[in-house]
Structures are given as C-alpha cells and as structure tokens.
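Chemist: Take a look at the following structure, please.
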Amino acid sequence: MREHSGIYPRGLWQAFALPGVVWLLLLFLVPFYAVIGVAFGGVDPIFLIPVPAWNPLDWNADSVVQTLRGFLPGGDYWAVFLRTTLYVAIALALCLLIGYPVAYYISRHAKRTKSVLLALLVLPFWVSYLMRMLAWVNLFAPSGYVNDFLAWSHILPDPPDWLNGNPVSVILALVYGYIPYLILPLLAALDRIDKSLLEAARDLGASPFRAFLHVTLPLSMTGVLGASVIIALPMFGDYYTPNIISGSPTTSMLGNQIDLFFHGGPQPAIGASLTLILSLFLAVLMTYYMHSVARATREVRDE
Amino acid sequence: MRDHDAGVSAILEDLKAGRISRRQAFKTLAALGIGTALLPALSRLASADDQLMGPGGIPLARPNKPVTLPLWEDPIKSGLEPETDGTFTIFNYADYIDKALVDEFGKLHKVKVQITTFDSIDQAITRLATHAVRVDVTEIVPDRLAQAVAGKLIKPVNPDYVPNLKKNVWPSLQSPFYDQESRYTVPYTVYTTGIGWRSDKVSEDIAKLANPWSIFWNAQAYKGYVGVLDDSREALALAMLYRGFYDINTEDPAAIDKALEDLKALIPICNPKVNITQYQTLPEGTSWLHQSWSGDLLAGVFSYLPEGTDPSVLQYWAAPRGKGPIQNDCWAISATTKKPVLAHLWLNYIIDNTVATDNFLNFNGYQPPMNSITPDALVAQGRIPASLRNAVMTPDEVGPDSLQECTLTAKGQAQWQSAYAKFVSGA
Amino acid sequence: MSDAVITRPVRVPSRSFGRRLRDWVANPWGKPRFLVLVTWVYVISSIAPVIIAIQFSFNDGRSLTAWQGFGGARWYWGDPVNSVWHDPALQHSLFQSLKLAGLDMAIATPLGVMLALGLARWRGRLASASNFLMLFPLVTPEIVMGVSLSLAFLNVFTFIEPSTTAQMLGHVTFSLSYVVVIVRGRLFSIGRQYEEAAADLGATPWETLRLVLLPLLMPAIFSSLMIVFAISIDDFVISQWLSCGADCDTIPIRIYSATRAAPLPSINALASIMVYFTLGAIGISYLVYRLMTRGEKPARGGARSMVSEMGAFDV
C-alpha cells in the first residue's frame, strides 16, 4: 500500500527522523558502549581514571567476571540485589493496587468531576520528585504531622522512627514517588478501551463483575504491563530515595553501590560492570515491553 | 648474561611499580649475586626500607617516612611582578573558603577572582587530569600529592614568594612528611577525626571512658541517632582504632576484613547513618552521636546552631597523638596556571594571620595551623565554647608518630573501597 | 395463538452477599463507592504533603515540622541571609534549573516533533530499529544514563566537560522520547484525512506541512513543551552526574543535599517557587489547549482527553 499517495516527496520522513536518530545514536548508544568499554577496560595507573577498551579484542573481563560472581548467593552484591528486587516488587504491587482502581474510576465513571480529578491527578506529576520526597520526609520526621496524628488518635501512641533505616518508609516513599508515573499511562490505556465492547458483553448477559474480569482487565493488560515497566525499571536504579528517607546501610539499593564505585575510587570498572549487569538484567523486561509496544503501535497504525 | 639482565630489569620494574619493597628487591638481587653494584640506582629512589611505591615511582609518604617530592620542573624565578587583569580561578570544595576574602584578594591585585568547585577530591583530580577545568590554584589533600606530582598537575613553589610560611605556620608543618621542604604546598586547615556528641542526649561521658571509641558499639540506647563518616578510610579506621589497631594505612586484607566485620556489627546495634552532615545535624539535634571532624563541631557552633540552643551541649573528643587520625588540607599551584606569580601570592595570602583567622572564625570553622591561634586564646576571647576546647589542635599533635591517612597503592585503595562497599550495602 | 401475555412465574435469583458485594464494587453503571473512596483518598494523600511543604515555606521559625506561626515571606525574600532572594546559592540553582529547562524545551521539542513525524510515517526495518532506539530512554534507569553519559563525556566526547552544556545534552536525550510519544499519539488521532484533503485542493507538500499538519499538531507540541519543562525541572540524577560543581547545581540537587543534612524552610520556599511556576505553566497550557482544540472532533472513538495527549505514553 503506497503510503503518502504522492503528497510528500520521497525520503522526507527519513530526513525528518535523521537528526533525532543521530542524536540518540551519539548520546544514547555511544555512551552505553562507553560503559561497556570501561567495564572491560583498565585504569590509568597514575590518576586512577578509567581507560576504556574500545576494541573487543582488548577487553579484560576480570572486573566483569568478579562483579558477576558477586551476584551469586553469598557474594558481595547478593544481599543488596535481593533487597532491591524485594523493594521494587512490593512497591510495584502497592502502586498497582492503588493506581489501578484510581485509573479505572477516572476513565470509566467520573463524568462530571472528570476534569477536576484529572487535574488533581496530574498535579503530583508536575511537582518535582525531590520536592515530594522533601515533603514526605518532613511529614514523617519525629516531630512531624504523621507522628502527631498517630499519637493524638492513639492508633500508635509510641510512633516508630520512620526515617532511621526503616524499610517500610523507603518502600512507601517509592510508592508515593513513582505512582503518578503509573497512573497516567494506565489511565490513557484504560481510556482507549472501547466502551462498546463492554456494552456488548453486558448485552450478552455478563454481570458487571464478569464484564470487568473478562473484557476490561484483559484489554488493559498491555497498559498495565507498559505502566509497570515504566516505573519498575527506573525504580531499580533508584539510589536517592533510600538516601533521603533513610541514609542507613540497612536500606541501601543497588544504585547506591553503583554510585559508590563511580564517584571516585580506584575501581571504576566495577561501577561500570554493575551498570552493565543491571542494564542486561533489565533488558529482558525492556525488550518484552518494546515488543508489545511495537505490536500495539502496528495495530493502531494499521487501523 | 641476557637472562640475568632481564631478571634484574624485571626486579627494578617491580620496584618502581610498587609491587615489591626496596628490601625485597635487595634480597632478590643479592640472591642473584648483584647487590652493592646496584646501590646507586636503588638509592636514587629516595625512600626508606619497606616503603611502598606510588604512582610514577614516588614513594608513598608516611608520618615516620617523610618524602621529598621530585621536582618535575624548576619553580619560577624570584622577584617577578605579579600578573594583573584577567580572571584568577580558585579550585575548591563548595563553601570551604570565605568569598569575601577571595574578593579581597582580587581587589588587592586587580584581578577578577572566581571559585570553581568540586564535590570530592577524586572529582578534582579527574577534572584537572582531563583538563576539564583550567585553574590557577587548587585545594588538595596530602594523600593525593604523589598522584598530582607524578601526573604533573601542580607546579613547584618558590619559597621566596611565600614568606608567611616560615613566619606564621606551625614549625611542625613547615616541612611536612608528605612534602618535605614544602616544595609544592602550603597547609590550609588541620583537623582531627574524633567523636562528636550532644551532652543533653548522650548520658555517657565519652572522654572518660577507657576506650571512647567503644561508645558506638554500646549505643543501643541511641539507635537511629548515631552516625559514621561517609568515607571509606575514616569509617574502617574507626573500627580499627576501636580494637586498638593503629596502622590505619594497612593494606593487609585480614586487618581490613576484621574492621569490616566490626563495622557491620554496628548496624544491628545502633543502625548508624552514613553521611558527612554532622556539622548540621548535631547542632540541630537530629543526630546525637557522630564520628566527626573537629572542624564540624566548630562550624556547627558558628553557623548552624539554632537560636536558643546552648552551645555547650556540643562535645568533642579526639584521641591523643598517635591514637587518632589527624589530617590537613593544603593549597597547591595548578600546572595550567597563566598567573604563576599571583598563584604564589595567593598561597602567601591564605596563610596570612588575619586572613586565615577570619576564614576560620567567620566562615568555615576549620582551623588553620597558625601560631597565633591557640585553644586558650579562643576560649578566653569567647570565640569558642569551653566544651569544644579540644576541637582546636595544637602544634605538638603533629609529629612523626601521629596517625594520618596517607596514600595507598592502587591495590590497597581497591581493598578499602570494596570493604566499605560491603558495609554500605547493608549485607 | 392468543394475544394474551404469557405469564410465567419469574424466579428472581436471590443474590448472595458475595455477589452483591462484587456488584457493588465493580458495577460499571452503578455508583462505584469503593472506587470513589480510593480515588479521593489517593488524590488527597498525594497532594497533601506538597501543600504542607508549601505551608512550611511560610513558617516563622526554622523548623520544617513544627509550625511556629505565619512568617510571611521570610524565607522567600525577608531573611537577609538565608532566604531564596538573599542566598546566592539558592538563587543560582533556581536560574540554573530554569535555564536548563528552557534549553531543553527549545531543543528537544523541534527535534522530537521531527523525529515523531519521521518515525510515524516511515516504514521498514530501519524504521522499527529507530523506533526501538527511541523507546529505550523511556525505560532506562536514570543512573544508567547518568553513568553512561558521564563516561562518554570523559572518554569519547572529551571536548565536553561536565557543565551546563553536558547537563543540557543529557536532558534533551531523555526528553526526546517523551516528545515523540506525545506527538505521535496526536498524529494518529488526526489521521491523514486533512493532509490528503489539502493535497486534493492543490497545496504543495510544504504548504500542507506548514498550514495543515503543523497547526493540527499544535496541541501536542504545546503538551510536549510542558512535559519537557516538567521533566527537566524535575531531573535529579542526570543533572547531578554531569554537574560541574556548585555552579551547575539545580534545584533538585540543592533539595537533595539539604534534605540529607538539616534543611531550612528556605528550601521549601525554593521548591514552592518551582511549584508556582509549573502551576502557572499548566494553567496557561490548559487554556491554550482548550483554545486550540475548540470545536474539534476526535477522529477516533473514545474519549481523547488532554491526559491522553499529555499521558505521554500513548505508544
């Protein structure tokens, strides 16, 4: 099928796409190769700054192998890797548990108040993540409003110390911080579901709950997956949230290790290896997400 | 004969690269039948026995093994006129020097002055090495001097331009172990690493304990309000000193691992935070017991004490000489400077009595090693509370038997870093 | 056959409690009380902390947790040492954030619009590969991007030092994908009808682009500008990794260092200023959006709300 029916000159779209693609190649792919080069490279003996090995034949796999071994049970990074996975899994589950009903309600029901709700929903998205964390820290400080409320209402007369190495605070902070990035795409995905399909299901005799279960839920799955990937992957590399909320080794995540090896020291290759391994681990999820996205894009485009 | 030569060169290579010590080299060479003949070559590497080698063949300095840094170029001639016009760039940590004093210098010499900052010494060295910044003078720490000289990042100093060194600075720091004859540096601040705490929250009198460092391992009552320094050397050294192990420059994996185990034991006991913000958190009361640098306590009193708080609640203890770490920062002239004379004058300016004292008392709380600054005088003038008298150092605390964190070989650094990473990972 | 209505006893099945609960919960045409509750609780609990933080920026004392009375604009410009107006470091970070956001908008939006047009209409394997490349930054953890960019500037593009330039380059790189996704969504909802109509009426390709397509894309371009502004202001990791020191510090970096130490309400004031800015920006963009899409009918069925445009993930 001829695309443009001759409206636009040939090669126009390629030309349009070129600057952006070149930019991404230079500033996204090449830096990624730099990480590989440093991970497999050496270190300047005087300044201890990384000397990347560009040619795969020059690669020195010692750092990478050593780092990989650290991920085996009992290795250097095993505990922190487990902890990070646990935090991300719990935070993601909580985000979905809270976010899905919210998105569902707004997309399906909130007729009159829809724009108001939408605006309020989008608002945290606009407020800087760091500011929301600052607000969170102040609320949960020993003399903050949360503890005041808990003590006053006698729910927890002796409130725990939220900000001193408490994993619950870190997970809740992750949920609070990332949930807006989940709700918006989820909302968009739920919005796209054709209401007529649901009506058809009802006409065919399905109860409301079964209609939801068999029509809405499956149709929203790509959206759920996409939104989950969009927050889970960045959450894996988060290091500033534990630092702000806790600052204690008991809640440190994998990103903190990368941060440590990179911000100075004689072993940048280990930092690069950690980054590489993290990326490869997430690449599986990334690729799956992109496959389903590409499939969805093709379906939409061919309509 | 050729194999013989090859073996000898191999040994010399190893010696230069720091893989073996001079004594080992001697032994091996003696075994090969070569000894006294090679003495001149070996002694050219001016070092003591068992001294480890650093980058570029410069020996790693220790307080009891002072090092004279080699001159990679001659210092500038004496008697030159200072340059004017243009911009004079100072490379330093953020908030570590009073901008007012910097501007004064600029006015005095009719140049525009600007401060470029770095977040850590590692970042500073990297940016100087890659020429990412071009500065005139840079702040530096002694354990990076071997790197900086071997990498030709800093220029040698002509002492004729810096008379204040002999006039004002402590005699013990005029020819420090890390830079004998002060060929490259002048000292900027001196500080000890000790324990800072709030007497209104911590009931123990830490200074009177048999082993004050042990307070951390008995701090269950203060769980969540304890802190250790976010520094691989300082944190592990804390654990070493707790056990009475005073070689804080060790590269022995067993010693480092033991320190790591002790440090990890702190986590269930008092769940320490790991940061360097004690200069704010101690005065504000969000931290009660923190491994601190002496300057932090003073800076806390000068700048961060909330209104109405009694300064005497802030307490500090540092171990006597040889039992607790001391450190000093320095200034050096960057090799890329276009204003070398002015750079020398800056070094002289920063160790002027008034300038140094103002910077200390009005700004950063870190003590310069000036003869004119004594703890008694400061307490008498009411500049510091009596409870923090021992946060001010005296010249006799610096000597060949003092403990100072010094340069390690790359392998040693890697060991300390990896051990620290394990502690921070909370395993 | 008689016309009598056939009556049969109708048995209404009694609904079990579980079924009734489920229906109450998930009835798409009934009143979804549970959902209402969850939604409002969520909305309030996500905004309340921010409101409280803004409240404390007006605190009379130094505390961020204990309200000490209304102090007016003390932390905004009143306090001669620590207020945002008087503290050069805080001011500088405000300008740095705005500068980076402005540069990001100016560069990422045109680049992204072109890329979106190109990717949406291009076919072939190269096109899908480019599409994959474009989607990558959306899901890459920021620390991976920060590390890779800082290494690239250290070892490959050595002529670029950590500086505002480097930060800007990093910001544009991750903003591109957002712009593409938003604009592409709009493109799909417009469809090709208008361009084909214009061509039929005799417009040249450039006229079609300029006079038909571009105006139709305006809402999406506007949304992109706003989104790029928001994510650039918000960015912490990339700005920190590519920072040159105190001169390149942005507001999130300042908030981060302050929060880890002992913050003053001036940090709240700084962050609140950002909120006022972004609120103003949203307000303007919403008004402009309404103005631009006035009288427009969506080309596809289903609600095409502003959120879907700004949803940023209409991939």
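The values are calculated or read from the model by the stated rules, or taken from the named source; none is laboratory data. Quick caveat, the model's predicted, so the values are computed rather than measured. Methodologically, a virtual Cβ is constructed for each residue, glycine included, from the backbone with ideal geometry; neighbour enumeration extends over all protein chains shown.
Chemist: Tell me which of these B:Lys152 doesn't satisfy, since it passes every other one: (1) surrounded by 20 or more Cβ atoms within 10 Å (Cβ to Cβ); (2) within 14 Å of chain A (Cβ to nearest Cβ); (3) part of a loop (DSSP other than H, G, I, E, B).
Modeler: In the conditions (1) surrounded by 20 or more Cβ atoms within 10 Å (Cβ to Cβ); (2) within 14 Å of chain A (Cβ to nearest Cβ); (3) part of a loop (DSSP other than H, G, I, E, B), B:Lys152 misses (1) alone.
Chemist: Answer with yes or no whether A:Pro73 is more than 30 Å from C:Glu196 (Cβ to Cβ), in contact with a helix residue (DSSP H, G or I) (Cβ under 7 Å, 6 or more places away or on another chain) and either within 14 Å of chain C (Cβ to nearest Cβ) or of a type outside the set (Asp, Glu) (or both).
Modeler: Taking the combined requirement at face value, the residue does not satisfy it.
Chemist: Please return the ranges of helices (runs of 4 or more DSSP H) entirely within the stretch C:213-261 where 3 or more residues are among the hydroxyl-bearing types (Ser, Thr, Tyr), more than 30 Å from B:Pro283 (Cβ to Cβ) and more than 10 Å from every other protein chain (Cβ to nearest Cβ).
Modeler: Of the helices (runs of 4 or more DSSP H) lying wholly inside the stretch C:213-261, those with at least 3 residues that are among the hydroxyl-bearing types (Ser, Thr, Tyr), more than 30 Å from B:Pro283 (Cβ to Cβ) and more than 10 Å from every other protein chain (Cβ to nearest Cβ) span C:214-234.
Chemist: Filtering the stretch B:297-333 down to residues that are surrounded by 18 or more Cβ atoms within 10 Å (Cβ to Cβ) and of a type in the set (S, T, N, Q), which residue is nearest to B:Ser214 (Cα to Cα)?
Modeler: Step by step, filter the stretch B:297-333, then rank; the result is B:Gln315.
Chemist: Might you check whether a residue that is in contact with a Ser or Thr (Cβ under 9 Å, 6 or more places away or on another chain), farther than 23 Å from A:Met235 by Cα and assigned to a helix (DSSP H, G or I) occurs anywhere in the stretch A:81-89?
Modeler: No, because not a single residue in the stretch A:81-89 is in contact with a Ser or Thr (Cβ under 9 Å, 6 or more places away or on another chain), farther than 23 Å from A:Met235 by Cα and assigned to a helix (DSSP H, G or I).
Chemist: In the stretch B:380-419, what residues are under 23 Å from B:Leu173 (Cβ atoms) and assigned to a helix (DSSP H, G or I)?
Modeler: Listed by number, the residues that qualify are B:Leu388, B:Arg389, B:Asn390, B:Ala391, B:Pro395, B:Asp396, B:Glu397.
Chemist: Follow-up. Given the conditions (1) over 19 Å from B:Asp352 (Cα atoms); (2) in contact (Cβ under 8 Å) with a residue 60 or more places away in the chain, report the number of the one that B:Val137 does not fulfil.
Modeler: Result: B:Val137 fails condition (1) only.
Chemist: Could you tell me whether A:Leu156 is in a loop (DSSP other than H, G, I, E, B), away from chain B (no Cβ under 14 Å) and not hydroxyl-bearing (Ser, Thr, Tyr)?
Modeler: Values: in a loop (DSSP other than H, G, I, E, B): yes; away from chain B (no Cβ under 14 Å): yes; not hydroxyl-bearing (Ser, Thr, Tyr): yes.
It is true that A:Leu156 is in a loop (DSSP other than H, G, I, E, B), away from chain B (no Cβ under 14 Å) and not hydroxyl-bearing (Ser, Thr, Tyr).
Chemist: If I filter the stretch B:161-180 for residues that are touching a strand residue (DSSP E or B) at 6+ places or on another chain (Cβ under 6 Å), within 14 Å of chain A (Cβ to nearest Cβ) and modelled with pLDDT of 90 or more, do I get at least one hit?
Modeler: No; the residues of the stretch B:161-180 include none that is touching a strand residue (DSSP E or B) at 6+ places or on another chain (Cβ under 6 Å), within 14 Å of chain A (Cβ to nearest Cβ) and modelled with pLDDT of 90 or more.
Chemist: I'm trying to understand the selection: among the residues of the stretch A:160-189, which are free of Cβ contacts under 8 Å to residues at least 24 places away in the same chain, part of a loop (DSSP other than H, G, I, E, B) and either over 21 Å from C:Ala53 (Cα atoms) or more than 14 Å from chain B (Cβ to nearest Cβ) (or both)?
Modeler: Of everything in the stretch A:160-189, just one residue is free of Cβ contacts under 8 Å to residues at least 24 places away in the same chain, part of a loop (DSSP other than H, G, I, E, B) and either over 21 Å from C:Ala53 (Cα atoms) or more than 14 Å from chain B (Cβ to nearest Cβ) (or both), namely A:Pro160.
Chemist: Here are some conditions: (1) loosely packed, with under 15 Cβ neighbours inside 10 Å; (2) facing chain B (nearest Cβ under 10 Å); (3) in contact with a strand residue (DSSP E or B) (Cβ under 7 Å, 6 or more places away or on another chain). A:Pro50 meets all but one. Which one does it not meet?
Modeler: (1)
Chemist: While we're here: Pairs needed: first member in the stretch C:165-182, more than 7 Å from chain A (Cβ to nearest Cβ); second member anywhere, of a type in the set (Lys, Arg); C-beta distance under 6 Å; at least 6 residues apart or different chains.
Modeler: Going by the 6 Å Cβ cut-off, there are no qualifying pairs.
Chemist: Quick one: would you say A:Ile245 is of a type outside the set (D, E, K, R), more than 27 Å from A:Val102 (Cβ to Cβ) and either buried (at least 20 other Cβ atoms within 10 Å of the Cβ) or within 14 Å of chain B (Cβ to nearest Cβ) (or both)?
Modeler: No, not satisfied.
Chemist: Does the stretch C:32-40 contain at least one residue that is buried (at least 17 other Cβ atoms within 10 Å of the Cβ), within 30 Å of C:Leu225 (Cβ to Cβ) and at pLDDT 80 or above?
Modeler: The answer is yes; a qualifying residue exists.
Chemist: Just one of (1) over 21 Å from the mean Cα position of the chain (by Cα); (2) away from chain C (no Cβ under 12 Å); (3) surrounded by fewer than 20 Cβ atoms within 10 Å (Cβ to Cβ); (4) not small (Gly, Ala, Ser) trips up A:Val64, so point out which.
Modeler: (3)
Chemist: Now for a different question. Give me a count of the residues in the stretch C:108-139 that are assigned to a loop (DSSP other than H, G, I, E, B) and either buried (at least 24 other Cβ atoms within 10 Å of the Cβ) or more than 7 Å from chain A (Cβ to nearest Cβ) (or both).
Modeler: Count: 1.
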